[in-house]
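Before any comments, here is the structure.
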Amino acid sequence: MARYVLRRLGLTAITLFILSIVVFAVSAVLPGSVGRAILGPFADEASVVKLNQELGVDGPLISRYFDWIGGALRGDFGNSYKFRAPVMDFIPTALFSSLKLAAMTLIIVVPLGIIGGTYAALRQGKAADRFITIAGLSLAVTPEFVVGIVLILVFAVKLDWLPAGGSARGSVVDQIKVLILPALTLTAVLFGYLSRMARAGAIEALASDYTRTATLKGLPRSTVLRRHVLRNSLLPTIAVIASQMSYLLGGLLVTETLFNYRGLGLLISDAAGDRDVPMLMAAVFIVGALAMLMTLLADLLIAWLNPRVRLGGKQ
Amino acid sequence: MTDPITQTEAAAGSVPATSTRAVRRELRRQLFRSKTFIIGSLILLFWVFCAIAPGVVGTHDPSKQDPASKWIHPFFKEGHWLGTDRFGRDVFTRAIYGAREIMIIAPASVILGTAIGVVLGLAMGYFRGKLDDIISRVIEALMSLPVILVALLALTSLSGGRLTIILLIGFLFGPVIARTIRAAVITERDLDYVRAAELRGERSWYIMFVEILPNVFGPIVVEFTVRLGYAVFTMAGLAFIGFGTQPGSPDWGRTIFEERSSLLSDVWWPSLVPALALASLVVAINLVADAVQGLIDR
Amino acid sequence: MTKKDFRGIDSIRSTQGPIANHVIDEFVAGRLSRRAFIRRGTIVGLSIPTIGALLAACGDDEPSTDGTTGGTTGGATDTTTGGTTAPVAGGTIKAAGGAPSAASATLDPVLINDGAGLTLLSQVGQFLVVSQSDLTLAGSLATEWTPNDDGSEWTFKLNPAATFSDGAPVTAADVVASIERLLNPDNTSNSLSAFATGKLSPGGVTVVDDGTVLFTLNGPMGNFPYIVSSDNYNSVILPASVGDTTNFAADVISGKIATSGPWTIDSYDATSGIKYKPNAKYWGTPLLLEGLEYIFYSDVAAQVAAFQSGEVDALVKFEVSGGESLLDNPDVTVYELKSANHRQIHMRTSEGPFADKRIRQAMAMAVDRQTMIDGLFQGKASIANDTPFFDVFPSSGDRPASTYDLDKAKALVAEAGGGFDVTLYGINYFEGPDLAVLLQNAAKEIGINLTIELRDDYYDNNWVRTYDPSVPGSDIGITDYGHRGVPDVFLNAPLKSFKSVDDGAGVWNAAEFANADYDAAVDTYSSSSDLQSQKAAAATIQSILMDEVPMLIPYNINYLAATKTNVTGVVPTAMGHFFTDQASKA
């Protein structure tokens, strides 16, 4: 196990390095002059040239890369072109907001998905199973802004139970109120996929020899469910959650825009539009790194739960 | 927007190869008898027909604007049974015409993605070693970035037209598909017929494409059908950041995006009708994919 | 006008200079409408009481504007629906608006270049003069302004009561420092083009005494006071001791920079919003409100939803498309202002399929402007006739109407060689996409097939070739122009022949229109203070533009803002200012 962990850590480090190169390369080739993006289309050309010089947007790529990476390792990702302040003044807040929303979403969607998927597995082939599968699929496919607006219309405008958006600030209760609607929107997106995976795992467990033996031995259904089936539907679910982390942390642009929730998705999208390269590179890299970390943790968790993987079987 | 490859899926990628023609024929017969397959195919064929000949199904001109008829409720007026949008255009007709963009772009991008995925997967799975390690790391790095951000960055540099979307979705799905194919190839390569071919002195590309490829057809087909559903869904999401079709086009993603504020005025049909159309298409594709997968897993 | 009190008129005339007298004469002779007179009067520095007296002397009983001197606001706004409540003290208004652009992110007065930035700045900073919703000028930090005989020198008297938030009085030295900072080309201010139109160069602002400032222009400029008004939103007056404004917002919060407005900044997060608190040492009418807050939104639907569900009390600006639920709503007070906000659909005159003016004329005739306005804005816009002389400007001439005649348009196209395919570029926000579709439909009728290509980088690649001759520009494109109090900028930058980047003329000339007669007429218009020659020049300009049609300007969009009915006293302007110093919330 220890060797497995070390090996995975090493691989992750290499991948992080590759990620940094990719992020830097993409940002370096963004078209349009930074000065023009900041000053706007109606500013005169002399001003744009001057600003570009001030910001130092030219210069050999390799040295710029190493400057950036060197600073990054120390936690200094440079200054934002737009806000004229260190990038790290803005990213932690946005990241924390994204984490809060992700946590809220997972709190809702994971139990729902596991219960839904397991239930569908127990009723496999019957109406309930079909319904859960199709409902999940239809919701997953509906664009976030549709689900979101419908939720806002019903709960914020018509019923006035919840706010239509905003940032998560203030008391715990206030924050939860703000987070519920966007979290429900994301739940609609993720539920279908999560429940499908849980269902697949549960079906496999129900059909396995272990379950049959346990039932034959006279163990009550609920114990069998708890010990074996649920545990088996947990494994693919963990894998799914890990694979969705990059989406949950940095890919929520649409939901964040709709609910005016200042997370990393909005930060990155604004930075791209403003050609705020330092902000863009730092935020994208952090999202990628965190997603990789989550995948690593999930892999380790799965390995720990599933002896077959740990002992190096077919992967 | 979700990207569904997982550890478990990759691990379960090993699929039994079907060998004789008779077995294949039997499977096909069973396919045509499964309810899920029939329902899914019917819906799919309906949309394909709409993409080819929308004029036959549609009742109005999808681009004719008529400000006087703005926001007519569904079932309220003769001839506009699903109502009109904010420019007085018939919602039903636009939903029918909107099928075309998606039916062109989605399959094209998935074909591209599958092609990339197959080539990469075969190479990685057969050669293993350094090549596999490096490409795997790069793929992992790329996949740690959210789809929509990659799309956003692409949009800043390239035009948002059809070709860009096809390339973008193709290149985004390629690595994902590659991982599944790789897993399947790894299972195959230790089998006897591969060993025999190597001993015969056959070249690598021959072994990969002529010997192994036919035997991993199962997972390829499954991946293709699954990805097709996700391509459709991704396209709608990309419309939000300005990708894709130009204003005025009845493309579903575009329409849903343009009409989303109408919901706040209690006008739900211009955005929900195309959303329903989108959902029905993806559900249909998934039903077909499920039926095919169910049979292959047998 | 009935009986005129000529003696009264004469006694007023004797106190004024030649330019003001000219305006008075025009009005008395009946060649100037009442509205135009009031406006012209405030431009040339006639005080409100003087104007009132003149109106009375001409037998006019109606009150003039409700403008007040001192303080930042004035002027009536048109309000529809909703009741009003008596002003009440206390309360905080929460307003929704867009986030400031990259240039405006620190609220640096030198660089601010967008609606969000100017709205936020004008809460704390003040101008010499305020351009009101009816486009008349009212004094703010200045009380009086007078031109010399030909309008090439303007003297402004400052309000002796005006002070900054640290108690120091606003003096001429402060004005000189603030304006010179903007004029300095090294500071690359957004206002450089406005000052170029105003013919003011570095060194042109001087102290006469503590309470008097002199502006010496490069030439006569009849509308100069607009250039130091709230229309030129960078021109807030700051203490002379202020050196660097790069971190303006932070410096105001810390007290390093003192400002003169009714509010000061309590906290500011460039990504999410700003909180204001009352300026304890404000020199004008005390605020009724105790707090003001702006929350930044990037999406229209989110803003409207927040307003509907009560998270915000006011929308600084909203569009009809997406905001339909707010119109005709008894809980909402909608403010609708005529504005000079417009779209220019340029057609390249130097080369390409639109080089033949018959094609351009055909395009102008193929567009049904009224239907466009009804479809895009539910009628909340004015028809424009492809020239910068808009409805909202009390015009200096008659405005010929554009014709909608499909048959004639088709004939012109046939004459000029038939239809063709071309790509339409433009902005992909606001109503750009919808307008593009309407244009596409209209052009199709006359045989021109437009392929729509709206992109984020329109301004970089497909607009003007002024800054980078290697970019393609576009044969036809949609550009958005915001509001101004006078048409001078619109006559200048997009339409005059382009000479060089340093000269303001033609820098935004996407149509590559180069007409010597036009240039001459514009020069006459801008420099004349003689209203008759201004009118004649305007007429010439309009006839040239309607014959050559380098661009379509189909409409001016009315500016819309909204508040809940329990909020009263806010004064939005078509520029995007949202004055709250007399606002209250029940």
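Legend: Rg and Dmax of segment A:191-315, from Cα coordinates, 20.0, 66 Å.
Within segment B:29-113, the percentage of alpha carbon pairs spaced more than 20 angstrom apart rounds to 49%. 3J(HN,Hα) along segment A:252-257, derived from phi through the Karplus expression 6.51 cos²θ - 1.76 cosθ + 1.60 where θ = phi - 60°, amounts to 8, 3, 5, 5, 4, 5 Hz, with x in place of Gly and Pro.
Let me check I've understood the local charge: for C:PRO160, count other residues with C-beta under 14 angstrom from its C-beta, Lys and Arg +1, Asp and Glu -1. What total comes out? Result for the neighbourhood of C:PRO160: -3. Two numbers describe the Cα atoms of chain C: Rg and Dmax, which are 23.7, 71 Å. Computed with the Debye formula from one identical point scatterer per Cα of segment C:314-379, without solvent, the log10 of I(q)/I(0) at q = 0.28 Å⁻¹ comes to -1.31.
Considering helices alone, the calculated mean residue ellipticity of chain B at 222 nm is -22000 deg cm²/dmol, with DSSP H runs of length four and up weighted by -39500 (n - 2.57) and normalised per residue. Take every pair of alpha-carbon atoms less than 8 Å apart whose residues are at least six positions apart; their mean separation over the length of segment B:236-283 yields a relative contact order of 29 percent. Specify the inter-centroid distance of segment A:24-93 and segment A:235-251, based on alpha-carbon positions, in whole Å. Cα centroid to Cα centroid, the span is 31 Å. A viscosity of 1.306 mPa s and a temperature of 10 °C, combined with the Kirkwood radius over C-alpha pairs in the Stokes-Einstein formula, give segment C:469-586 a diffusion coefficient of 93 µm²/s. Take the Cα pairs of the protein assembly as shown, get the Kirkwood Rh, then feed it into Stokes-Einstein at 10 °C and 1.306 mPa s and tell me D in µm²/s. Using the Kirkwood radius from Cα pairs, D works out to 48 µm²/s. Three principal axis extents describe the C-alpha atoms of segment B:142-225; from largest down they are 51, 22, 20 Å. Of the complete DSSP H runs in chain B, those spanning 15 angstrom or more by Cα along the long axis with a mean Kyte-Doolittle score not below 1.0 are B:35-52, B:99-127, B:147-157, B:162-189, B:217-240, B:269-297. Each Cα pair of segment A:5-63 feeds into the Kirkwood radius, which the Stokes-Einstein equation turns, at 20 °C and 1.002 mPa s, into a diffusion coefficient of 153 µm²/s.
What number comes out for the charge environment of A:ASP276, summing +1 per Lys or Arg and -1 per Asp or Glu over other residues with Cβ under 9 Å away? Local charge sum for A:ASP276: 0.
Directionally averaged projected area (segment C:76-208, Cα convex hull): 11.4 nm². Measuring between alpha carbons in the structure, the pairs from C:LYS275/C:LYS585; C:LYS256/C:LYS281; A:LYS158/C:LYS380; A:LYS82/C:LYS94 lying more than 20 angstrom apart are A:LYS158/C:LYS380; A:LYS82/C:LYS94.
Averaged over peptide C:431-444, the number of partner chain Cβ atoms lying within 10 Å of each residue's Cβ comes to 3.
Helical runs assigned H by DSSP (4 residues or longer) give chain C a calculated mean residue ellipticity at 222 nm of -8000 deg cm²/dmol, each run adding -39500 (n - 2.57) before division by the residue total. Note on C:ASP149 and A:MET88: the model spin-label points, each 7 Å out from Cα along the C-beta direction, lie 6.8 nm apart.
For segment C:343-481, state what percent of all Cα-Cα pairs lands in each successive 10 Å bin, counting from 0 Å until the bin that includes the largest distance. Per 10 Å bin, starting at 0, the Cα pair percentages come out as 12, 40, 37, 12, 0. Using the Cβ-Cβ distance between A:PHE66 and A:ARG7 with R0 set to 35 Å, the FRET efficiency from 1/(1 + (r/R0)^6) comes to roughly 0.80. Overall size of segment A:52-198 from C-alpha positions, given as principal axis extents largest first: 66, 37, 25 Å. Descending by average beta-carbon neighbour count within 10 Å, the peptides C:345-355, C:38-48 line up as C:38-48, C:345-355, the highest first. Using alpha carbon centroids, what distance separates segment A:145-163 and segment A:115-133, in Å? If you average the Cα positions of each part, the centres end up 29 Å apart. Pair-distance distribution P(r) for segment C:237-285, from all Cα-Cα distances in 10 Å bins starting at 0: 25, 54, 20, 1 percent. For segment A:29-179, what relative contact order do you get, as a whole percent, if you take Cα pairs closer than 8 Å and at least 6 residues apart? This gives 10 percent for segment A:29-179. By the helix-only formula, in which each DSSP H run with n ≥ 4 contributes -39500 (n - 2.57) and the sum is divided by residues, chain A has a 222 nm mean residue ellipticity of -24500 deg cm²/dmol. The value given for segment C:1-58 is a Kirkwood hydrodynamic radius of 11.0 Å, derived from the mean inverse Cα-Cα separation.
3J(HN,Hα) along segment B:78-84, derived from phi through the Karplus expression 6.51 cos²θ - 1.76 cosθ + 1.60 where θ = phi - 60°, amounts to 3, x, 10, 6, 10, x, 10 Hz, with x in place of Gly and Pro. A simple charge model with +1 on the Cβ of Lys and Arg, -1 on the Cβ of Asp and Glu and nothing else charged puts the dipole of segment A:212-315 at about 1180 debye relative to its Cα centre. When the charge dipole of segment B:156-298 is built from unit charges on Cβ atoms (+1 for Lys and Arg, -1 for Asp and Glu) and taken about the Cα centre, the candidate among B:THR164, B:TYR230, B:PHE217 whose Cα reaches farthest toward its positive end is B:THR164. Counting Cβ atoms of other protein chains within 10 Å of each residue's Cβ and taking the mean over peptide A:207-214 gives 0.
For the residue pairs A:LYS126/B:LYS35; C:LYS338/C:LYS408; B:LYS64/C:LYS444, the C-alpha atoms sit more than 21 angstrom apart in C:LYS338/C:LYS408. Phi-derived couplings, Karplus 6.51 cos²θ - 1.76 cosθ + 1.60 at θ = phi - 60°, listed residue by residue for segment A:126-136: 8, 4, 4, 4, 4, 4, 4, 5, 5, 4, x Hz, with x used for Gly and Pro.
Across peptide A:267-279, the average count of Cβ atoms from other chains found within 10 Å of a residue's Cβ is 3. In chain C, Cα pairs under 8 Å separated by at least six residues give a relative contact order of 19 percent.
Under the shape rule built on the C-alpha gyration tensor, where the axes satisfy a ≥ b ≥ c, chain A is oblate, since a/c reaches at least 1.5 while a/b does not exceed b/c.
Readers should treat all values here as calculations from the given coordinates under stated rules, not as data from a laboratory. Small disclaimer: the values here were computed from a predicted structure and weren't measured. In this analysis, Cβ positions are derived from the backbone assuming ideal geometry, glycine residues included, and neighbour counts consider all displayed protein chains.
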